[in-house]
Amino acid sequence: AMIVKQILTIMMDLGVVIVATSNRPPSRLYEGGINRSVFLPFIGTLNERMTIFEMGSTHDYRRDGLTSFDQDKLSLPPYLCPSTHSGSSSRRILEQWFAKGRGATRSEVIPVAMGRSVQVSRSNDTCGWFTFAELCHQPLGAADYLAIAGRFNAIIVENIPQLGGNTYNEARRFVILIDALYEFKTSIIIAAEVPRDDLFVGFEATVETHDGDEDIAIESNNPTNKESFLIGEGGSSSSSSTTMIRTENDGAMEWSATGRIGVSLAQLSAVREVSFSFQRAASRLAEMASPRWGRE
């Protein structure tokens, strides 16, 4: 956020004409972020120097991609659940989807950046078959999913549960997976426990914060301005990470951007992002169900 602030400010000062889009209005940019009070003057600059247009339409244009004519052409449905297909029927359809791929069935290892790799238990030349647990119960991230999306024209994901607040870590990974597949125009065939419109439910993240709370928390909890650091397994993107402030006697105390002790910054950020991205993921899944979706 601070880098964007600096870049756009310089561009404005140089007289560059800027046209930008955002999923959030200026007043909600970097909401709940660390030291947001430092960012707030830039929001005022945006409002003063740019014309803000709110696209208030509730129409989801991605869903226009699947017409009744398209649905008639879907000899093999790309989304399966118990309410529409029995277990044996779903398995048969998944096997038919997999057979559309070329080459012999095999397992393989997909290389990922920084010397990492992803294990695929079942694949052929153009299709990979995964369980939800293999993709979303593991510590995988965007680089892993991009590697998968780049490797296959289509992937099958089975045993997907309903995704809500009680599974937000898994839901967050699944949303990142959908984004990666969408970027590569990779098709996804899903076998889930619930219909597609019910896949993302019961998840609303709320943020209780006021502008300036960040400074208040720092003043009261870190008078010596010691550095902050992250503890927990998995790094700063993990829900188990906690932001800590070093104290004068080399101790540590947990700090929250909301000004309330005991709330993990990493967890708060992840919860908010998953909540916001659920709607986008559901919309993209609907578009990706069209027979016109996929690589040329």
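The values are calculated or read from the model by the stated rules, or taken from the named source; none is laboratory data. Values in this document were obtained by computation on a predicted structure and should not be read as measured data. When we count neighbours, we look across all protein chains shown, and the Cβ atoms used for this are built from the backbone with ideal geometry, even at glycine. All accessible areas refer to the heavy atoms of the entire protein, side chains included, with ligands and DNA or RNA removed. Shrake-Rupley method; radii C 1.70, N 1.55, O 1.52, S 1.80 Å.
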_Qualifying positions in region 74-109 - under 25 Å from the mean Cα position of the chain (by Cα) and either of a type in the set (Lys, Arg) or more than 18 Å from Ile188 (Cα to Cα) (or both)_ = Val109
_Residues (surrounded by 17 or more Cβ atoms within 10 Å (Cβ to Cβ) and either part of a helix (DSSP H, G or I) or of a type in the set (Phe, Trp, Tyr) (or both)) located in region 132-166_ = Phe132, Glu134, Leu135, Cys136, Asp144, Tyr145, Leu146, Ala147, Ile148, Ala149, Arg151, Phe152
*Where a residue in region 129-140 is among the β-branched types (Val, Ile, Thr) and its partner, wherever it lies, is part of a loop (DSSP other than H, G, I, E, B) and at pLDDT below 95, with Cβ under 9 Å and at least six apart*: none
*Of everything in region 98-123 that's assigned to a helix (DSSP H, G or I), closer than 17 Å to Leu146 by Cβ and hydrophobic (A, V, I, L, M, F, W, C), which residue is most open to solvent (accessible area, probe 1.4 Å)?*
Met114
*Of all the residues that make up region 1-51, how many are without any contact (Cβ under 8 Å) to a residue 40 or more places away in the chain, open to solvent by less than 100 Å² (accessible area, probe 1.4 Å), outside any loop (DSSP other than H, G, I, E, B) and polar (S, T, N, Q)?*
4
*asked:* If I go through region 188-199 residue by residue, how many of them are open to solvent by 30 Å² or more (accessible area, probe 1.4 Å) and closer than 13 Å to Leu285 by Cα?
replied: 4
*Any pair with Cβ under 7 angstrom, 6 or more apart, that starts in region 280-295 at a residue that is more than 14 Å from Pro78 (Cβ to Cβ) and ends at one that is open to solvent by less than 30 Å² (accessible area, probe 1.4 Å) and assigned to a loop (DSSP other than H, G, I, E, B)*: Ala282/Leu199
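Please pick out the residue among Pro82, Pro26, Pro41, Pro77 that is touching a Leu at 6+ places or on another chain (Cβ under 6 Å) and modelled with pLDDT of 90 or more.
Answer to the selection: Pro26.
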